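Presented below is the structure to which this report refers.
The values are calculated or read from the model by the stated rules, or taken from the named source; none is laboratory data. Just so it is clear, the model here is predicted, and its values are computed rather than measured. Cβ coordinates were reconstructed from backbone atoms using ideal geometry, including for glycine residues, and neighbour counts include every protein chain displayed. To get the accessible areas, we keep the full protein, side chains included, count just its heavy atoms, and leave off ligands, DNA and RNA. Shrake-Rupley method; radii C 1.70, N 1.55, O 1.52, S 1.80 Å.
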Amino acid sequence: MYIKDNFIQLNTKNTSYIFRITKRGDAEHLYYGKRVPDGDWQPMVEKRSLLLVNSLYPSDDISYGIDDMSFEYSFAHRGDSRACAMLLKDDKGEVFDFVFDSIQKGGLKFDNKACAYGSDEDIAVVFKCTDRKLTLKLWYSVFYDSDVIARTVQLINDGETDISVDNIMSYQLDIDGQDKKLLTFDGAWARERYKTEKSIEYGRYVSGSLSGMSSAECNPFFVVAQINADNTKGDCIGFNLIYSGNHKISLQRDTYEGLRIMQGINDEGFCFNLQKGKTFTTPQGVMTFSCDGYNGMSQNMHDFVLNHIVRYKGELPVMLNTWEAVYFGLNVDKLKTIADKASETGFEMLVVDDGWFGKRDDDTTSLGDWVVDKRKFPRGLKELADYVKSKNIKLGIWFEPEMISIESNLYKNHPDWALINSGVRNITGRGQYILDLTKKQVREYLVSSISKIVEEQKIDYIKWDFNRRFAEIGGGKDSGSFLYNYVEGLYEVLGELTDRYSHLIIEGCASGGGRFDLGMLCFSPFVWTSDNTNPLSRAHIQEGTSYGYPMGTMLCHISASPNHQTARISTFDTRANVAYNGIFGCQMDITKMNEEDLQKLSKVIEEYKSDKDNIRYGKFYRLSDGFNKNDFVWQTMNSSGDSGRITVYHKRFMPVYSSLRIKLTGLKEDAKYRITGAGKLDITAYGSTLMNSGFSLPQNYNGNNMSDDATYLVDDTAIVFNIKKL
Ligand code: GLA
């Protein structure tokens with residue numbers, strides 16, 4: 001960090017973020033990009049002066065064109081006619097004038113664990129409101145090695161009256177808007193985080209979620225890039241938000257070619273009553289710049305997530321999950337048989353999914369009754385836990401803690417804990433209702449009932465599911481802050497459990513990847529990436545996810561063929577090769593697998609175990625744009641860079657289709673590598689050659705028939721090559 005006069009320069013390893021305090025007490029953004037020398041600011045302050053006749057400026061300074069300035073944060077009704085980052089109200093009205101007061105170094109604190117840890121420097125630019133006792137702090141946290149800057153905003157009410165906070169974005173970034181494009185990661189259940197690319201035109205683009213969760217429809221991660229950027233080249237900035245509730249992404253390209261980027265809690269329906277003496281702290285926003293294309297940006301985000309978001313650093317066992325294996329048809333005998341096979345095959349964890357509690361034979365009952373179903377487990381889960389333990393396997397179980405079924409003892413005893421409004425239209429989802437986590441008793445009930453199971457039944461692992469979105473909300477006259485308070489309540493419960501049980505692994509899940517976000521990753525080392533386990537769908541979902549999140553956070557299970565979600569048939573190798581690019585596991589009835597596949601599974605698990613730290617902490621590069629091309633091509637490298645894998649997912653066999661050329665990345669230029677794998681491919685070459693010339697896969701078709709060495713390049717096939725430094 002370099003501060004001189006009224007300039008502030010934040011440096012990470014490869015980037016600089018620069019702004020200054022103007023003579024009128026605003027924070028003016030000057031630069032965010034590749035690292036530049038400290039104090040070399042002169043070219044940044046030579047401003048365009050494009051004053052329109054109808055522009056606004058302070059009455060004594062016509063050169064201070066408010067609409068044309070790049071601000072670090074903006075306020076409604078202060079002459080900035082773009083969308084603004086903050087809207088407050090009190091008895092006097094909506095005009096609040098914040099003016100720079102001081103710089104504060106260090107002292108940033110959050111109320112819960114949903115925040116990044118281990119920053120190198122925290123600095124706040126402190127503003128005071130001119131006619132009220134209100135303090136605003138714009139916090140910047142530097143994560144030097146990850147090239148990440150995190151931002152958060154604090155509003156402190158030292159006045160005598162309450163303030164209504166109607167909008168409070170986590171950050172604003174005003175940059176040049178010319179020749180830029182936007183990448184967002186949108187989708188649905190079973191189709192999460194599909195990359196969508198759009199040019200940024202004049203006007204405003206607003207997306208986000210209103211369902212109470214970060215959502216499968218619009219992930220909080222997005223990218224703003226130069227129009228010609230791709231995986232390997234071009235400037236780009238990746239953004240994310242450490243939050244699991246309603247969020248908003250807002251981009252506005254204005255008359256002066258500026259681009260205002262903002263992200264934060266979705267202000268639609270939001271209104272927080274900030275009582276006197278209290279402080280409101282926004283979720284943290286996260287940004288990273290890279291001039292090395294999307295791969296460079298993703299590397300930064302991956303590093304940041306692994307080192308500053310995910311807390312759990314213990315082992316991640318290779319697991320067998322019972323959901324697609326037996327669904328609700330589970331009982332102790334069946335699971336013991338599965339455990340026998342699981343131990344022979346090399347699994348380290350058995351996760352008992354939905355159906356072990358209450359009277360849950362289908363999805364209509366029992367949510368909330370977290371007591372073992374004695375019909376299925378007469379001697380409790382502990383019997384199974386002891387059994388699997390004798391086979392060196394740990395036990396995990398599924399919970400959907402935030403939910404309640406009408407048909408449950410919990411509902412009989414506490415109907416007021418459910419979010420149900422009697423009325424003409426009673427809205428339900430999967431036949432269930434959401435518990436009101438803003439209520440202290442509810443949070444205490446969750447912590448105590450989950451703790452009881454963890455302790456009594458000797459549980460090492462919880463799959464934490466969340467299968468419906470919000471409709472009715474509680475909160476009465478405070479309904480505008482209900483969804484925010486709900487998320488805070490959730491973080492409190494998760495924080496309490498992770499504090500109590502440091503050995504406990506929590507898997508995040510929300511109908512698959514509906515809450516794949518940095519907030520949940522503060523408590524869960526990984527998230528169930530999607531309920532769709534078909535390799536072709538997964539290739540899309542995993543590639544989309546990889547833009548913002550590392551492989552080590554994606555749970556990827558091999559499942560049956562035909563696939564249960566798509567009915568698509570795929571070979572064992574294809575299913576395994578796609579699932580290998582994440583935290584590997586399985587969900588199929590292995591007692592019904594044929595011997596050949598079972599042996600293959602055992603071999604994959606063995607290989608994966610020796611490789612698992614490379615997958616969890618290694619590097620991941622996209623070598624193609626699988627969303628637009630016939631092939632997904634992924635390169636993974638171990639941390640030392642001397643071995644790795646290339647996975648190619650070939651969508652369609654196309655006769656006379658020009659053969660795929662693969663240019664590797666991240667190798668040492670003057671080291672020699674050997675590439676071997678599918679078919680007869682065996683190449684030895686220098687890193688520089690493999691990165692610049694690359695190598696080709698054989699042509700599929702030679703004019704009369706499939707060429708010998710390309711018979712593997714058929715429809716919907718994932719193949720693998722190994723990279724070894726010599
Ligand atoms: C959700 C999850 C699945 C499974 C089921 C159980 O759909 O995403 O993985 O746990 O619930 O009901």
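Note that segment 453-469 has calculated 3J(HN,Hα) couplings of 5, 4, 6, 5, 9, 6, 9, 9, 8, 10, 8, 9, 9, 7, 10, 8, 8 Hz, one per residue in order, obtained from phi through the Karplus relation 6.51 cos²θ - 1.76 cosθ + 1.60 (θ = phi - 60°); glycine and proline are x. Here the sum of -39500 (n - 2.57) over DSSP H runs of 4 or more residues, divided by the residues of the chain, equals -6000 deg cm²/dmol at 222 nm, to the nearest 500.
Protein heavy-atom accessible surface, 1.4 Å probe, per residue over the chain: 38 Å². Ser81 exposes around 90 Å² of accessible area when a 1.4 Å probe is run over every protein chain in place. Look at the alpha carbon pairs under 8 Å that are at least 6 residues apart: their mean separation over the length of the chain gives a relative contact order of 10 percent.
For Tyr31, the residues 5 or more places off, or on other chains, whose built amide H falls under 5 Å of its own are Ile18. Annotation for Tyr2 and Thr255: the two label points, set 7 Å from Cα along the Cα-Cβ direction, are 3.6 nm apart. Across the cross-link table entries Lys612/Lys663; Lys374/Lys440; Lys389/Lys592, which are compared at the Cα atoms, the separations over 28 Å belong to Lys374/Lys440.
How high is the relative contact order of segment 508-547, in percent, with contacts defined as C-alpha pairs under 8 Å that are six or more residues apart? Show your work: numbers first, answer last.
Working: 35 pairs, mean separation 14.5, N = 40.
Reported relative contact order: 36 percent.
With 0.36 nm allotted per residue and the present C-alpha distance subtracted, the Ser693-Asn392 stretch has 103.6 nm of extension available. Rounded to whole numbers, the Karplus 3J(HN,Hα) couplings from phi for segment 178-185 are 6, 6, 10, 9, 10, 10, 10, 10 Hz, using 6.51 cos²θ - 1.76 cosθ + 1.60 with θ = phi - 60°, and x at Gly and Pro. Once all protein chains are placed together, Lys389 keeps about 130 Å² accessible to a 1.4 angstrom probe.
I need the chymotrypsin sites (Phe, Trp or Tyr not before Pro) found in segment 298-369, filtered to DSSP loop residues with at most 15 other beta carbons within 10 Å of theirs. Mind showing how you got there, number by number?
Numbers: sites: Phe304, Tyr312, Trp323, Tyr327, Phe328, Phe347, Trp356, Phe357; in loops: Tyr312, Tyr327, Phe328, Phe347, Trp356.
Here the chymotrypsin sites (Phe, Trp or Tyr not before Pro) that fit, given the DSSP loop and packing criteria, are Tyr327, Phe328.
Surface composition of segment 359-463: carbon plus sulfur atoms contribute 49% of the solvent-accessible area (1.4 Å probe, protein chains only, all chains present). Sequence gap at least 6, Cα distance under 8 Å: using those rules, report the relative contact order of segment 602-650 to the nearest whole percent. Dividing the mean separation by the residue count of segment 602-650 yields 28 percent. With a Förster radius of 45 Å applied to the C-beta separation of Thr130 and Lys233, the computed FRET efficiency comes to 0.45.
Which pairs in the list Lys137/Lys276; Lys341/Lys600; Lys195/Lys609 are over 19 Å apart, alpha-carbon to alpha-carbon? The answer is Lys195/Lys609.
Pull out the extension gain between Asp120 and Glu383, defined as 0.36 nm times the separation in residues minus the alpha carbon to alpha carbon distance; nm, one decimal. Could you put the intermediate results ahead of the total?
On the way: separation 263, 0.36 × 263 = 94.68 nm, distance 4.77 nm.
Between Asp120 and Glu383, full extension yields an extra 89.9 nm.
Note on Arg425 and Arg674: their simple-model spin labels are 6.7 nm apart, each label 7 Å out from Cα toward Cβ. Across Lys592, Lys376, Lys629, Lys336, the residue with the most accessible area heads the list, and the full order at a 1.4 Å probe is Lys592, Lys629, Lys336, Lys376.
Sequentially through segment 499-511, phi angles give Karplus couplings (6.51, -1.76, 1.60; θ = phi - 60°) of 5, 5, 10, 6, 7, 6, 9, 10, 8, x, 7, 8, 6 Hz, Gly and Pro residues having no value and appearing as x. Element breakdown for segment 206-280 at a 1.4 angstrom probe: carbon and sulfur atoms account for 46% of the accessible area. Within the accessible area of segment 467-625, what % is carbon and sulfur when the probe is 1.4 Å and the other protein chains stay in place? Roughly 45 percent, rounded to a whole number. Close amide H partners of Phe357, meaning residues 5 or more places away or on another chain with modelled amide H under 5 Å apart, are Asp373. Which FRET efficiency value, to the nearest 0.05, is calculated for Asn331 and Val206 with the Förster distance at 51 angstrom and r the Cβ-Cβ distance? Computed FRET efficiency for Asn331 and Val206: 0.55. Take Ser511: with every protein chain present and a 1.4 Å probe, its accessible area is about 30 Å².
Between Gln178 and Phe653, what is the FRET efficiency for a Förster distance of 51 Å, r being their Cβ-Cβ separation, to the nearest 0.05?
Values: r = 42 Å, r/R0 = 0.82.
The formula returns an efficiency of 0.75 here.
The modelled label-to-label distance between Gln104 and Asp60, using points 7 Å beyond Cα along the C-beta direction, is 2.9 nm.
Sorted largest first by accessible area at a 1.4 angstrom probe radius, with every protein chain in place, the residues Val424, Val286 fall in the order Val424, Val286.
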